[in-house]
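Enquirer: There's a structure below that I have some questions on.
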Amino acid sequence: MENQFVIYNTISRKKEVFEPLVPGKAGLYVCGPTVYSNSHLGHARAYITFDLLFRYLTHLGYKVRYVRNITDVGHLEDEEEETGEDKITKKARLEKLEPMEVVQMYMNTFHRNMDELNVIRPSIEPRASGHIIEQQEMIESILENGYAYESNGSIYFDVEKYNKEYNYGKLSGRNLEDIKTNTRVLDGQSEKKNSFDFALWKKATPEHIMRWPSKWSDGFPGWHLECSAMSTKYLGEQFDIHGGGMDLRFPHHECEIAQSTASQGKEAVRYWMHNNMITINGQKMARSLGNFITLDELFTGNHEVLEQAYSPMTIRFFILQAHYRSTIDFSNEALQASEKGLERLMTALKTLDKLTGSKQSTVNVSELKENCLAALNDDMNSPIAIAHLFEGVKMINSLKAGNETISGEDLKELKAFYETAVFDILGLKEENSKNTQGNEVLEGAVDLLLKLRQEAKANKDWGTADKIRNELNELGVEIKDTKDGFEWSLK
RNA sequence: GGUUCCUUGGCCGAGUGGCUAGGCAGCGGUCUGCAAAACCGUGUACGGCGGUUCGACUCCGCCAGGAACCUCCA
């Protein structure tokens, strides 16, 4: 049991041992972004969380098929409004672009941001617009099974009927009666039987640009449908893990369950995983609340709440230092703490490279390794894993100082483990603070000045030595004296 | 209003019925011509009030404060 990978399954509200449907293989579906705006910190949290899962499953030896969609068919901003307009169409109108130009633009940004965060691209990244036929087929099977109805060219899912045989609300822990009493107020002269019914196919209004022909009407698929259709296509009627943000639990994932069950008679997903939100000053960060920070803003520091720029790896580390099921509160202080902590970890890795083995070990490498992996096995407890890695940092520094010794064999194991844990599993990478590469003149000039400073120091000409240091500092060159010379970097 | 959850030391953030989480900051030290950086050492916290228990920060109840979902959202 201790050596098994355990994940918290939202639907059972328990931690469960992960046992894949097909031994040695894991199927993973994660709800991707709707590309109508820049990626923000919340996206980073979600996709880093599932990147960790992808990496960890891979590390455990599974052959993982990771499917993460792009929602490029805008769902309606307000279904009740006559002018029903979807987000992408609206954005396209405002920016005077084709809807697909909007999609492409923000998808490119999303990909670039994810690359910067060292988030591995999924195995398949299907787009909703490319799977209209699959979605229509799914609608047909739901209609055939009697769990949907047509109304004025649109198709709606009949939640009430579905609920008679199955349990609508099991994922999010609510029952239909509650939903009924709580939503009745909003009920207008809708073309839906019940306000809680959701669209499978929506007839397009004249101004709606994104539309596809169907036997029911020229229109577009309902939002919840794409995930059901595409996960079925690429992972099968049943698959292992479905992930996404906590906010998608209801109604999105609830509807997905209903759709799969209604079309195929059984549920598709075996383990549901949900990452928690990022808060800013204790409140959820969301586009709709207008308090979100985009990733580009974070990376450049170009936002009024940011005291400085934060590198992609700082963001990644910051996110990994909290458990994925907890909310994480944004603050400059917290981010700066992560930045320094990460630097310390990375410095230790460099130190580790330079260590040499002795005859005997006074340190326990395998215990460290086991603790770290045990934490990851326990529902991907990355903060605990990182805590153990910091214990290892202390170990490495003690080895460097000569207070502890390590055998050649243990050293080899320790190096291999840090490589695996830090780079492969946590997905961190070395970041050049500022790239001086390609600027040989600058490098040569600074090196020359610092050599002159060395000479001045040798002559005890402190005035000159300090002058060089201070003035370079003002120009943005950070100087670190070392035992046998100096190191420098651009601030 | 309904459902669910949270409240930990200066800040962030884990975890457990009795045993030091960890990071950052602070403080002390090592190093250094001075400094920076780096490294070492250091803090005994768990919203309030009751209850269960030999023992609770951890379990139960109540109260206070906060959050998420119930509408698009990662």
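The values are calculated or read from the model by the stated rules, or taken from the named source; none is laboratory data. Note that the coordinates shown come from a computational prediction; the quantities given were computed from them, not determined experimentally. Ideal geometry is used to build each Cβ from the backbone, glycine not excepted, and the neighbour counts take in all protein chains shown. With ligands, DNA and RNA removed, areas are computed over all heavy atoms of the protein, side chains included. Shrake-Rupley method; radii C 1.70, N 1.55, O 1.52, S 1.80 Å.
Enquirer: How big is the range A:440-490 in terms of Cα radius of gyration and Dmax, in angstroms?
Expert: Computed over the Cα atoms of the range A:440-490, radius of gyration and Dmax are 10.2, 30 Å.
Enquirer: Return one quarter of the surface area of the convex hull spanned by the alpha-carbon atoms of the range A:6-275, equal to its mean projected area, in nm².
Expert: 14.0
Enquirer: Now for a separate question. State in Å² the accessible area per residue of chain A; use a 1.4 Å probe, count heavy atoms of protein chains only, and round to the nearest integer.
Expert: 48
Enquirer: Under a straight-distance cross-link criterion of Cα-Cα below 22 Å, which lysines are reachable from A:Lys164, leaving out those fewer than 8 residues away in the same chain?
Expert: Output for A:Lys164: A:Lys180, A:Lys192, A:Lys193, A:Lys266.
Enquirer: Please give the length that would be gained between A:Val17 and A:Glu431 if that part of the chain were fully extended, namely 0.36 nm times their separation in residues minus their C-alpha to C-alpha distance (nm, one decimal).
Expert: Stretched fully, the A:Val17-A:Glu431 segment lengthens by 145.5 nm.
Enquirer: With the Cα gyration tensor of the range A:371-437 giving a ≥ b ≥ c as the square roots of its eigenvalues, does the rule (a/c under 1.5 for rounded; else a/b larger than b/c for prolate; else oblate) give rounded, prolate or oblate?
Expert: Oblate is the answer for the range A:371-437, as a/c is 1.5 or above yet b/c matches or exceeds a/b.
Enquirer: Take A:Lys415, A:Lys192 and sort them by solvent-accessible surface of the protein heavy atoms, 1.4 Å probe, largest at the top.
Expert: The most accessible residue leads, giving A:Lys415, A:Lys192.
Enquirer: Then there is this: Average projected area of the Cα convex hull of the range A:297-434, in nm²?
Expert: 8.8
Enquirer: Right, another one. For the range A:287-307 and the range A:361-409, what is the centre-to-centre distance using only Cα atoms, to the nearest Å?
Expert: Answer, in whole Å: 35.
Enquirer: Could you pull out every one of the lysines with an alpha carbon less than 18 Å from that of A:Lys87, ignoring same-chain neighbours closer than 8 positions?
Expert: List returned: A:Lys96, A:Lys202, A:Lys203.
Enquirer: I need the shape label for the range A:169-303. Rule: rounded when a/c is under 1.5, else prolate if a/b > b/c, else oblate, with a, b, c from the alpha carbon gyration tensor.
Expert: Cα axes put the range A:169-303 in the rounded bin.
Enquirer: Note down the accessible area of A:Lys90, probe 1.4 Å, to the nearest 10 Å².
Expert: In the full protein context, A:Lys90 sits at about 80 Å².
Enquirer: Next question, about the same structure. Which loop-located GluC sites (Glu not before Pro) does the range A:194-293 contain, where loop means any DSSP state but H, G, I, E or B and the Cβ has at most 14 other Cβ atoms within 10 Å?
Expert: Taking the range A:194-293 and a limit of 14 other Cβ atoms within 10 Å, the loop GluC sites (Glu not before Pro) found are A:Glu207, A:Glu237.
Enquirer: Largest first and to the nearest Å, give the Cα extent of chain A along each principal axis.
Expert: 91, 55, 35
Enquirer: Here's another thing I want to ask about it. Please give, to one decimal in nm, the separation of the simple spin-label points placed at A:Thr420 and A:Thr205, each 7 Å out from Cα toward the Cβ.
Expert: Distance between the two pseudo-spin positions: 5.7 nm.
Enquirer: A follow-up question, please. Calculate what fraction, in whole %, of the accessible area of chain A sits on carbon and sulfur atoms when a 1.4 Å probe is rolled over the protein chains.
Expert: In chain A, the share of accessible area belonging to carbon and sulfur is 47 percent.
Enquirer: Rounded to the nearest 0.05, what FRET efficiency is calculated for A:Gln238 and A:Glu165 with R0 set to 22 Å and r the Cβ-Cβ distance?
Expert: That pair, A:Gln238 with A:Glu165, gives E of 0.70.
Enquirer: Please label the shape of the range A:284-374 as rounded, prolate or oblate, based on the square roots a ≥ b ≥ c of the eigenvalues of the alpha-carbon gyration tensor (a/c under 1.5 means rounded; beyond that, a/b larger than b/c means prolate, else oblate).
Expert: Prolate is the answer for the range A:284-374, as a/c is 1.5 or above and a/b outweighs b/c.
Enquirer: Can you tell me which lysines have their Cα less than 24 Å from the Cα of A:Lys467? Leave out same-chain residues fewer than eight positions away.
Expert: Within the straight-line cut-off, A:Lys467 pairs with A:Lys434, A:Lys451, A:Lys457, A:Lys480, A:Lys483, A:Lys491.
Enquirer: Please compute one quarter of the surface area of the Cα convex hull for the range A:383-481 and express it in square nanometres.
Expert: Dividing the Cα hull surface by four gives the mean projection, 9.8 nm².
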